[in-house]
1. Among residues belonging to segment 407-440 that are in a helix (DSSP H, G or I) and β-branched (Val, Ile, Thr), point out the one that is nearest to the ligand (Cβ to nearest atom).
2. Would you check if there is a residue in segment 196-208 being within 16 Å of the ligand (Cβ to nearest atom) and farther than 22 Å from residue 76 by Cβ?
3. Could you pull out the residue among 302, 236, 286 that is within 16 Å of the ligand (Cβ to nearest atom) and either within 28 Å of residue 374 (Cα to Cα) or among the small types (Gly, Ala, Ser) (or both)?
4. Kindly indicate whether residue 181 is within 16 Å of the ligand (Cβ to nearest atom) and either within 30 Å of residue 58 (Cβ to Cβ) or touching a residue at least 12 places away in the same chain (Cβ under 8 Å) (or both).
5. Any idea how many residues of segment 390-406 are more than 17 Å from residue 306 (Cβ to Cβ), more than 16 Å from the ligand (Cβ to nearest atom) and assigned to a loop (DSSP other than H, G, I, E, B)?
6. Report the residue count in segment 482-506 for those that are touching a helix residue (DSSP H, G or I) at 6+ places or on another chain (Cβ under 8 Å) and either β-branched (Val, Ile, Thr) or in a strand (DSSP E or B) (or both).
7. Of the conditions (1) more than 21 Å from residue 337 (Cβ to Cβ); (2) touching a strand residue (DSSP E or B) at 6+ places or on another chain (Cβ under 7 Å); (3) surrounded by 21 or more Cβ atoms within 10 Å (Cβ to Cβ), residue 492 satisfies every one except a single condition; which number is it?
8. Would you check which residues across segment 59-109 are more than 16 Å from the ligand (Cβ to nearest atom), in a loop (DSSP other than H, G, I, E, B), surrounded by 19 or more Cβ atoms within 10 Å (Cβ to Cβ) and over 21 Å from the mean Cα position of the chain (by Cα) and list them?
Amino acid sequence: MRIAAMLLLLSLPGSLTHAQPANADRKWWKEAIVYQIYPRSFKDSDGDGIGDLKGIISKLDYIKSLGVTAVWLNPIYSSPNDDNGYDVSDYRNIMKDFGTMEDFDQLLKGLHARDIRLIMDLVVNHSSDEHEWFRQSRSSRSSPYRNYYHWWNAGNGKPPYRYSLFDVNHDAWCYDSLTDAYYLHYFSRKQPDLNWENPQVRREVYDIMRFWADKGIDGFRLDAFQFVAKDTTFPAFPTGFEKNFTRYYAMQGNLHGYLQEMNKEVLSRYDVMSVAEGAGNNFEDAHNLVDAGRKELNMAYAFDGVDIPKANGYSVLHLKEVFSRWDSAFAQDGWLSIFLANHDQARMVSRFGNDKPPYRALSSKMLSTFILTMRGTPYYYNGDELGMTNAGFSKIEDYRDVQTLNEYRHKKTSGDSLEQFIKTAQFSARDNGRTPFQWDAGGQAGFTTGTPWVKVNPNYTTINAAIQEKEPNSCLNFFRQLVQLRKNNPVLVYGSYRLLDKDNPYVYAYTRTLEGKKMLILLNFTAQASTVHTDIALGKATMLLDNYGTGPGGNVLRPYEAVIYALP
Ligand code: GLC
């Protein structure tokens, strides 16, 4: 980095004055840079082909080297793995494939020793059907656990239709002959929904949360939480509601009451951050989840951004509009998460960028620049720092995800085109983002000495961490620079955001401003050279980082060029 830029990084202020909006009061979780680890695919230590906690422990120095300040770990609890750990059979134990509680304690210690916080996934919209609660609940209509789940006695006829996201028949009611009743599962049949209307269930969950918070973890990501509250009379929904099911499933009943209770019972008593997956149906819902005065959660995690790309492309104007709208709705109160990928999405560079060889690294770095320079807490998905791409499996046998496999079976039964289904899956299936982390060019990308649970992307011989360690301008090293830049500049965390050149269909340009410090970010989201139109004179700006590594191209941005400037 140039000396002028270095000096500038050192001189920006670390403190804020009070004339700031409510969302600018400093909090560690606003300044956090979250690195999401999918444990199953990160690093296998024992050769069984499945990533594990010891594997993560062996890579702690790598994680530290990224500069990230928090790790979000996908579920590691005991689970029969119908949905890769999102079906928990014991909330206080570690999945056998992943290791032991001693391993967990060591992992937490290792992270904390490196000043990295740990955020755990909490999956309590549903449990596994192999959880003891469900075994009991299922056993008889008079079980004290019966009311832990949602049952509909068959004597009352068929229950009103509920859509299931993962069921072969899309039916969220599963008939169980043992007690002649149906139970509810918004996800797979092995993921029965817990009954949050039962105070005993809520007490159990708070106990579980205290168990982990007492161990010293630093936060919770509440899986599918917007769906937990339900109208247990199960009224009929209009025909076709499933096309927009979130409208009927999200933020129902007393959800906010439960969150306030959870906040009082657990969250307020520890220095933990909280984020719920999903942010309801509109800004009002999202604000109601996270505005400070409401004492519910810390930050919203909304899907509008990741929902944008489609197999046939997307509009950059649309992307700019969505992110700008969310930013302005949260400019005063509340706080957002910024992300372009996670374990439920295909790879960021394949969806939002361009994974063809000439542009893969450039566009990946451009997208990373976007994530690390927006207002909101960045959530960065493991492997994206290498520019890992979709595997795009062309055979159903290579897929592992319950969602893809059940939907394939559904399409087969309903006579839909399977060819088309695979085509879509190649672009958007979740397994694209779950292939093993590409550590090096050795066998199985250095992920395992055994046979990986899902195939390694064959491009690991050229896209891997070992190669990128050695290249100063690799995706990996560029990501590290971005992280440092954000950490050193509160303007990138708290600064107000202003969209420039709004109608430019190729370039995303914006400024971030805080207490007289101003940065300009120019991102060409396309493969064509594109001119940015602003009244800012670039001649007086100091370039801090550019993804070409050859200095900026000025007002004409090269394909997928990303530049960050400090403005006088
Ligand atoms: C969330 C998780 C996803 C999981 C689902 C059911 O959406 O992110 O991976 O399949 O909930 O738990």
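The values are calculated or read from the model by the stated rules, or taken from the named source; none is laboratory data. Keep in mind the model is a prediction, meaning the values are calculated, not measured. Here Cβ is always computed from backbone atoms with ideal geometry, including for glycine, and neighbour counts include all displayed protein chains.
1. Kept after step one, since they are in a helix (DSSP H, G or I), are these residues of segment 407-440: 407-414, 418-428, 430-433.
Restricting the remaining residues to those that are β-branched (Val, Ile, Thr) gives 413, 422, 424.
Values: 413: 22, 422: 20, 424: 18 Å.
Residue satisfying both the conditions and the ranking: 424.
2. Yes, because at least one residue in segment 196-208 is within 16 Å of the ligand (Cβ to nearest atom) and farther than 22 Å from residue 76 by Cβ.
3. 302
4. no
5. Looking only at that region, the number is 5.
6. Result for segment 482-506: 4.
7. Among (1) more than 21 Å from residue 337 (Cβ to Cβ); (2) touching a strand residue (DSSP E or B) at 6+ places or on another chain (Cβ under 7 Å); (3) surrounded by 21 or more Cβ atoms within 10 Å (Cβ to Cβ), the lone unmet condition for residue 492 is (1).
8. 99
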